[in-house]
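The values are calculated or read from the model by the stated rules, or taken from the named source; none is laboratory data. Everything numeric in this text was worked out from a predicted model, so none of it was measured. Cβ: placed from backbone, ideal geometry, glycine included. Neighbour counts: every protein chain shown. These accessible areas exclude ligands, DNA and RNA; they are computed on the full protein's heavy atoms, side chains included. Shrake-Rupley method; radii C 1.70, N 1.55, O 1.52, S 1.80 Å.
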Amino acid sequence: MIALELSHVSKSFASRGQSLEIMRDVSLTVQAGEFLVVVGPSGCGKSTLLRMIQGLETLSSGSVRVGAGEATTRGFVFQRDGLYPWRSVLRNVMLGLELAHVPVSEAKPRAEAMIDLVGLRGFEGHYPNELSGGMRQRVNLARALAIDPDMLLMDEPFAALDALTRENMQQELIRISAAAGKTVILITHQIDEAVLLADRVAVLGARPSHILDIVRIDLPRPRTLDLKRTPEFQAYVDGIWTMVTQAETETRVGG
Amino acid sequence: MSITTTENGTVQAQRPASGRRTNYRALRRGLTSFIILLVGWELIGRFVLTNQVFAVPFSAVVQSAIEMWGRGELQTNIAASLTAVAYGMVLAMIIGILIGVAMGASTAFREYVEPLLTAFYATPLVAMAPILILWFGIGIASKIAVVFLMAIFPIAINTSAGIRNTDREYLEVAYAFRASRLQAVWKVMIPAAIPFVVTGLRLAVGRAIVGVVVGELFGARAGLGFLIFTAGQTFDTPSLFVGVITLAFIGMGLTLGIRAVEDRISGWKGTVQE
Ligand SMILES: Nc1ncnc2c1ncn2[C@@H]1O[C@H](COP(=O)(O)OP(=O)(O)OP(=O)(O)O)[C@@H](O)[C@H]1O
Ligand SMILES: [Mg+2]
């Protein structure tokens, strides 16, 4: 079953009276239950792509089709956490459930379980300005997971985390996505993270970005961190790394 | 702001130590000014301007205040003024916030009413007091009307600014989780606007006090404005000062109270518009 289909998506922003072309003719199909990771140079339009999928940004041309349309629930993890400073951790995590009119008696335990999952038990009553960057990012993650979405759209969800927490979160995500058969689209700058998590890695090129290549990661599942030491793993990382650095140089040259 | 973990494992936000020291220093300097003012007043009242109608020493004012308190006169007048302020402020809050939210949520509505509000905000509406007294009669109703007119505009304007300044990111989060337009207003715009609303309230309270006094000067049977008016008529200068100083205390108390609330929620939003 197809979970997501992008066809000939192009995007331009009007900026300072000029039209800035961000993305040109991106086509991509994601199967239900698939884990797709998107990598590419900074500013190439990864966040914009994810926002277009979620309907937060309009397309200049082309189309985005999500499996069952609005019936497909989507959890969005924002690059900047977007936590509400007037809500406690618990109430931030409950946001999606609250907006979907889930009764508190049901929403609260669900949110608490997610807070536990991201390792923030005991911080339910705290406010975002009392949390560190990494803690805020984990609340952001818990908020997306709490609605138990069919599809997870994650914009650099682990970027602000320390190495150990990051690895824990990666393991959790592998477990959740495998157990619940969720479709995941995740953006990252960490290529080893991409290889560890992905069924396929989409490499975006410099602006106006397009898909340089889609690399299928044929590594066995369930994946553990030991995998990182294998030569196969390293070969994937090197291959993708070469493409991304090349694209990054192009970005700089192209301004 | 720094984060510290206390022994029982809870995390608390603290002000930096230097901030606290500055606060004490500021308090000390502020008090010094007050003391110099009062001592200067006492000396001038005793030795320079000795005509008791034009000026009285501070001690005479204190004495008069004690007497008025003993007779229960001060309390009755404070209560009369504060009651009018309270009713007027509550009305202004309810209607002002409603108007502000509507303005923030609907561009069309804002474009219709904002010029009117801005014009009224800039108008010295206390000048309307005599006609309000004609309309509502001598008594609490006309005072409430003056307070209301003085207080509503800063509240409505600040609320609307707060709603419109809602961080785009906060709204995007709500829409990403499929909020309806109504939910976005209720669960995002209104909470995000609260710091602005509180600032509006602080600006409104000062104007409300001016309003109630002017209302009482023009026609009332009780209140601090009435007290000042009668004291003026009977050349009772000490009582006049008692009224003025009491008003100063009330105004300062209310403003500081709202400031404290503002400080507590300022972590929500860096800047609040004046
Ligand atoms: N609302 C907007 N108006 C104008 N230009 C925009 C807007 N949003 C994004 N852009 C531009 O689009 C380009 C892509 O931005 P985007 O945030 O999608 O990049 P990204 O690939 O996520 O980068 P990073 O890896 O640094 O997060 C950037 O050049 C940015 O300046
Ligand atoms: Mg981005």
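Residues that are more than 30 Å from residue B:118 (Cα to Cα) and open to solvent by less than 40 Å² (accessible area, probe 1.4 Å) do occur in region B:244-262, at least one of them. The set of residues from region A:212-245 being within 16 Å of ligand 1 (Cβ to nearest atom) and under 30 Å from residue A:19 (Cβ atoms) comprises A:212, A:243, A:244, A:245. Could you give every pair whose Cβ atoms fall below 7 Å, whose first residue belongs to region B:129-140 and is closer than 15 Å to residue B:212 by Cβ, and whose second residue is part of a loop (DSSP other than H, G, I, E, B), counting only separations of at least 6 or pairs across chains? Short answer, once both residue conditions are applied: B:133/B:219; B:138/B:219; B:138/B:220; B:138/B:221. Scanning for something assigned to a helix (DSSP H, G or I), of a type in the set (A, V, I, L, M, F, W, C) and farther than 13 Å from residue B:225 by Cα, does region B:74-81 turn up at least one residue? No. Residues of region B:176-186 that are more than 7 Å from chain A (Cβ to nearest Cβ) and in a helix (DSSP H, G or I): B:181, B:182, B:184, B:185, B:186. Here A:68, A:107 are screened, and the one residue that is more than 16 Å from ligand 1 (Cβ to nearest atom), at pLDDT below 95 and among the small types (Gly, Ala, Ser) is A:68.
When residue B:230 is tested against (1) over 30 Å from residue A:88 (Cβ atoms); (2) touching a helix residue (DSSP H, G or I) at 6+ places or on another chain (Cβ under 6 Å); (3) part of a helix (DSSP H, G or I), just one condition goes unmet, and that condition is (2). Counting only strands (runs of 3 or more DSSP E) that sit wholly inside region A:1-109, those with at least 3 residues that are surrounded by 14 or more Cβ atoms within 10 Å (Cβ to Cβ) and either more than 16 Å from ligand 2 (Cβ to nearest atom) or more than 14 Å from every other protein chain (Cβ to nearest Cβ) (or both) are A:2-15, A:18-31, A:35-39, A:61-66.
Taking the stated definitions as given, is residue A:209 of a type in the set (S, T, N, Q) and within 16 Å of ligand 1 (Cβ to nearest atom)? Write out each step before concluding.
Numbers: of a type in the set (S, T, N, Q): yes; within 16 Å of ligand 1 (Cβ to nearest atom): yes.
The answer is yes for residue A:209.
In the set (1) in contact with a strand residue (DSSP E or B) (Cβ under 8 Å, 6 or more places away or on another chain); (2) open to solvent by 10 Å² or more (accessible area, probe 1.4 Å); (3) in contact (Cβ under 8 Å) with a residue 24 or more places away in the chain; (4) not assigned by TED's automatic domain parsing to the domain that holds residue A:5, the condition left unmet by residue A:144 is number (2).
A residue that is surrounded by 15 or more Cβ atoms within 10 Å (Cβ to Cβ), over 23 Å from residue A:5 (Cα atoms), in contact (Cβ under 8 Å) with a residue 24 or more places away in the chain and not aromatic (Phe, Trp, Tyr) occurs somewhere in region A:194-214. With respect to the conditions (1) within 16 Å of the chain's Cα centre (by Cα); (2) more than 22 Å from residue A:32 (Cβ to Cβ), residue A:197 falls short on a single one, namely (2).
Restricting region A:145-162 to residues that are more than 14 Å from chain B (Cβ to nearest Cβ) and away from ligand 2 (no atom under 12 Å from the Cβ), the residue that is modelled with the lowest pLDDT is A:160.
Against the list (1) free of Cβ contacts under 8 Å to residues at least 60 places away in the same chain; (2) β-branched (Val, Ile, Thr); (3) more than 30 Å from residue A:218 (Cα to Cα); (4) in contact with a strand residue (DSSP E or B) (Cβ under 7 Å, 6 or more places away or on another chain), the condition residue A:22 fails is (1). Could you tell me whether any residue of region B:188-202 is in contact with a Leu (Cβ under 8 Å, 6 or more places away or on another chain) and farther than 30 Å from residue A:100 by Cα? No, region B:188-202 contains no residue that is in contact with a Leu (Cβ under 8 Å, 6 or more places away or on another chain) and farther than 30 Å from residue A:100 by Cα.
Say whether the condition of being within 16 Å of ligand 2 (Cβ to nearest atom), on the phi < 0 side of the Ramachandran plot and not polar (S, T, N, Q) is met by at least one residue in region A:225-246.
Initial filter on region A:225-246 (within 16 Å of ligand 2 (Cβ to nearest atom)): A:244.
Now narrow it down to the ones that are on the phi < 0 side of the Ramachandran plot: A:244.
Those left that are additionally not polar (S, T, N, Q): A:244.
Yes, there is a match, as at least one residue in region A:225-246 is within 16 Å of ligand 2 (Cβ to nearest atom), on the phi < 0 side of the Ramachandran plot and not polar (S, T, N, Q).
Scanning region A:115-141 for residues that are open to solvent by 40 Å² or more (accessible area, probe 1.4 Å), closer than 23 Å to residue A:181 by Cβ and within 14 Å of chain B (Cβ to nearest Cβ) gives no hits.
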